[in-house]
Amino acid sequence: MSIYDITVTKRENRQDVEVSLNKYQGKVLLIVNTVTSCGLTPQYEALENLYQTHKAMGLEILDFPCNQFMEQAKGDDEEINSFCTLKYDTTFPRFKKIDVNGCNESPLYTFLKNAQSKREEGGNFFMKLMIGLSSKINGKSGNDKDIKWNFEKFLVNRQGDVVKRFAPTVSPNQIESIVAELLKKR
């Protein structure tokens with residue numbers, strides 16, 4: 001199975017639309033589980049900057065809101081989209097709210113976690129401590145592959161290989177050079 005065999009759902013014009021990830025074949029993908037009400041939510045600004053800087057070279061950021069961690073993705077899909085576009089002026093694709101861990105997790109996240117279980121750590125000590133404590137009680141099955149928290153990131157190369165996984169505390173600015181290197185490769 002390839003990432004390009006997976007279909008995800010997007011909300012457009014008040015209707016659910018199935019989107020094959022095959023649409024993104026040949027692109028570098030940064031896939032992120034997001035929320036609208038968390039200490040990490042300002043990463044939306046850095047994600048949009050990264051997208052604007054590199055989209056012409058083939059970067060796509062795929063945004064998957066998730067409400068599994070202290071219910072911080074408040075509202076329905078349209079409310080989340082409005083928040084992100086009005087507050088952070090985001091233009092990258094946003095999909096329907098999903099689960100990233102557990103029995104109802106999205107097949108995309110099952111694929112991503114199986115392809116890349118090791119995550120690159122980073123960020124400040126306080127934020128890592130808070131995430132560590134909170135993730136033990138929110139949305140985790142106890143599996144080491146589980147998503148720890150909001151804004152965990154997966155980087156996929158142009159061939160569809162999941163090449164890196166970044167902890168929530170790793171900011172988009174910290175991975176820009178890695179993204180730029182992948183974009184140079186055809």
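Over 31 Å between C-alpha atoms is what I'm after, so list which of K23/K184; K10/K55; K74/K184 land there. Check vs 31 Å cut-off fails for K74/K184. Among F64, F111, F83, the order of accessible area from largest down is F83, F111, F64, computed with a 1.4 Å probe on protein heavy atoms.
Of all beta bridges that DSSP places with both ends in segment 1-102, some 40 percent have antiparallel geometry.
Compactness ratio for segment 1-69: Cα radius of gyration over 2.2 N^0.38 Å (N = residue count) comes to 1.22.
The values are calculated or read from the model by the stated rules, or taken from the named source; none is laboratory data. This is a predicted model, so every value here is computed, not measured. When the accessible area is computed, the model is the full protein with side chains, heavy atoms only, and any ligands, DNA or RNA have been set aside. Shrake-Rupley method; radii C 1.70, N 1.55, O 1.52, S 1.80 Å.
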